[in-house]
Amino acid sequence: MDLPDNSIIILDFGSQYTQLIARRIRELNIYSHIVSHTTSSAELSRLSPAGIILSGGPASVYNDGAPLSDPAIFDLGIPVLGICYGLQLMVHTLAGKVDSGTKREYGFAELHISGESPVFHQLDPIQKVWMSHADKVLTLPDGFAAIATTSNTEYAAIANQEKNLYGIQFHPEVVHTPNGKEILTNFCVNICACDQTWTMGSFIDNCVADITRTTGNKQIILGLSGGVDSAVAAALIQKAVGENLICVFVDNGLLRAGEVDVVRRIFEQTFSMKLHVVDAGKRFLDKLKGVTDPERKRKIIGHEFIEVFDEVTNEYRDVQFLGQGTTYPDVIESVPINGNPSAMIKSHHNVGGLPEHMRLELIEPLRNLFKDEVREVGRQLGLPETLIMRHPFPGPGLAVRIIGEVSEERIDVVRQADSIVMEEMKISGYYDQVWQSFAVLLPVQSVGVMGDERTYENAVALRIVESMDGMTADWTRLPYEIQEKISNRIINEVRGVNRVCYDISSKPPGTIEWE
Ligand code: XMP
């Protein structure tokens, strides 16, 4: 990995806010990148960032196995800002003392800035800040001085100005610290001398040049999923290599209604891309016969997808590269944090899941972008807003929205119910306000009456959630009238459904999908 000039590196000590720090800095038009706290000083020196931020983290520096950093990072001559645990780690490493506090400080605090420090440049001497810590600094390492206090600690912010080492006990990255952005700007711009030139436009220009250089005149194959990430990756790669990009769209028979037409319209007609659509529904369905276990469904679908993709690739002799829409959260989520596998998310994130024999080199232009940045790139490349603002759709498709065995009839039921949900969400204007909205077909039959007859038919659950990133979610308080309309339409229009339920579970402890 190499970094653009003027970047900030964030060493991750496991805080829930680490990604937030990265985003805040990117909002300043400065590129930031998260790396593990174990990254060596030699590697950091090679990457040559303009500044280093040590994130917070849940540990105490005195814990057995507490995440530490290479002590030599403080001697690189690169400015360092430690946030919360990052501050305590800096103090601990440089031979100051940290008290494993008994009194937890959580919430707002009044910060009193003492004297002049570039971190607090142009800020009023009293600031509202957000605290969330138990341990606190007792004595400072040599060369450090306090630059701000609170009623709970005389070392709420510290500095060794000569060496450009700074530490703050509070969290500037959260919205509860109103001037947090100014503090981060002071560190990145005044102390690290970053120029604020990293924009999506400059990202596209650099990326296109990079792809052209890497791929030369060779062909690149890319699997479109119908979602935002692969679409934006395709548009970006096409801008770089034009005709040398071959897009493959596998119709696995588990797609939403009209999906193939949508993909054709956008990629073949608007973007004039070489699009290879494979009608593979029967293959997938055959393999899924009798399977009810969700993880097995995923594995079968993932495996079959690779087979199909491999076959298509073999038809093109000059393909040497594989384009993928992997994004930054995929990469971060796929790396175990501090060796803790529970921090890894599901098996489905398709980062690097290629069979050996394909021997294709990966091109992942969005690997370092957050979702909203990916969307902005898509907009700048001219992708339609309807695609850019699409809800996420799982790779295994409708198969994980059919609880139990997948069959053609059951796919039809959930597909029809899904398109009614989509239509009504769009008509009501709620589609753009929620993270996801869909129907789930339950393996439950219940008694109903239709006309004069008793029915014994399926139940469908509506899952409509709000979320920032899919990691946590809350159910949407969708107005009753809209719920009623969706329910009436599904029961009247979809044969085989006589009951609709609304899922009111949050994530955690529930998940967004039902399987
Ligand atoms: P859960 O259900 O784990 O979902 O709360 C979080 C987000 O991930 C999507 N999801 C998947 N995406 N393959 C995918 O590509 C999968 O197997 C899969 N399972 C869940 C889900 O739709 C939500 O956006």
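The values are calculated or read from the model by the stated rules, or taken from the named source; none is laboratory data. For clarity, every value in this text was computed on a predicted model and none was experimentally measured. Note that we place each Cβ from the backbone using ideal geometry, even for glycine, and neighbour counts take in every protein chain shown. When the accessible area is computed, the model is the full protein with side chains, heavy atoms only, and any ligands, DNA or RNA have been set aside. Shrake-Rupley method; radii C 1.70, N 1.55, O 1.52, S 1.80 Å.
Observations
- 10 Å-binned pair-distance histogram of the range 402-502 (Cα, whole percent): 15, 46, 31, 7, 1
- The angle separating the long axis of helix 200-215 from the principal Cα axis of greatest extent in the chain is about 70 degrees.
- Average accessible area per residue (Å²) across the range 8-191 - probe 1.4 Å, nucleic acids and ligands excluded: 40 Å²
- Total charge dipole magnitude, the range 8-191, about the Cα centre, Cβ charges on Lys, Arg, Asp, Glu only, Debye to nearest 20: 320 debye
- Here the dipole of the range 217-300 is about 260 debye; that uses its Cα centre as origin and unit charges on the Cβ of Lys and Arg (positive) and Asp and Glu (negative).
- Shape class of the range 345-471 from the Cα gyration tensor (axes a ≥ b ≥ c, square roots of the eigenvalues): oblate, since a/c reaches 1.5 or more and a/b does not exceed b/c.
- Lys, Arg +1 and Asp, Glu -1 on Cβ, resulting dipole of the chain about Cα centre, debye, nearest 20: 400 debye
- Cβ-Cβ FRET estimate between Ile427 and Ser151, R0 fixed at 60 Å, reported to 0.05: 0.65
- Computed E for Asp503/Gln269 - FRET, C-beta separation, R0 25 angstrom, nearest 0.05: 0.10
- Among Ala66, Gly470, Pro4 - extreme Cα towards positive end, dipole of the chain, charges at beta-carbon: Gly470
- In order along the range 87-98, the phi-based Karplus estimate (6.51 cos²θ - 1.76 cosθ + 1.60, θ = phi - 60°) of 3J(HN,Hα) comes to 5, 5, 5, 4, 4, 4, 5, 9, 6, x, 10, 10 Hz; Gly and Pro are listed as x.
- Take every Cα pair under 8 Å whose residues are at least 6 apart in sequence, average their separation, divide by the length of the range 13-74, and the relative contact order is 47 percent.
- Relative to the longest principal axis of the Cα atoms of the chain, helix 18-27 runs at roughly 90 degrees.
- For the range 200-388, the equivalent ellipsoid derived from the Cα gyration tensor has semi-axes of 25, 21, 17 Å, listed largest first.
- Probe 1.4 Å, protein heavy atoms only - accessible area per residue of the range 372-515 in square angstrom: 49 Å²
- Sites Ala209 and Ser48 - FRET efficiency at Förster radius 25 Å, r taken between beta-carbons, to 0.05: 0.80
- Loop trypsin sites (Lys or Arg not before Pro), the range 92-199 (other Cβ atoms within 10 Å of the site Cβ: 15 or fewer; DSSP): Lys103, Arg104
- Long-range lysine pairs (8 or more apart or interchain), the range 200-388, Cα under 12 Å: 4
- Each part gets one Cα centre, and for the range 411-480 versus the range 369-387 those centres are 27 Å apart.
- Averaging the Cα positions of each part gives two centres, and for the range 75-95 and the range 289-334 these lie 42 Å apart.
- Pairs of alpha carbons in the range 114-260 separated by more than 28 Å make up 50% of all such pairs.
- Using only alpha carbons, the chain has a radius of gyration to Kirkwood radius ratio (Rg to Rh) of 1.02.
- Rounded if a/c under 1.5, otherwise prolate or oblate - the range 40-186, Cα gyration tensor axes: oblate
- Surface composition of the range 200-388: carbon and sulfur make up 49 percent of the accessible area, probe 1.4 Å.
- Proximal charge balance of Arg26 [Cβ under 10 Å; K/R count +1, D/E count -1]: -1
- Nearest-ten-degree value, helix 228-241 long axis tilted from longest Cα axis of the chain: 80 degrees
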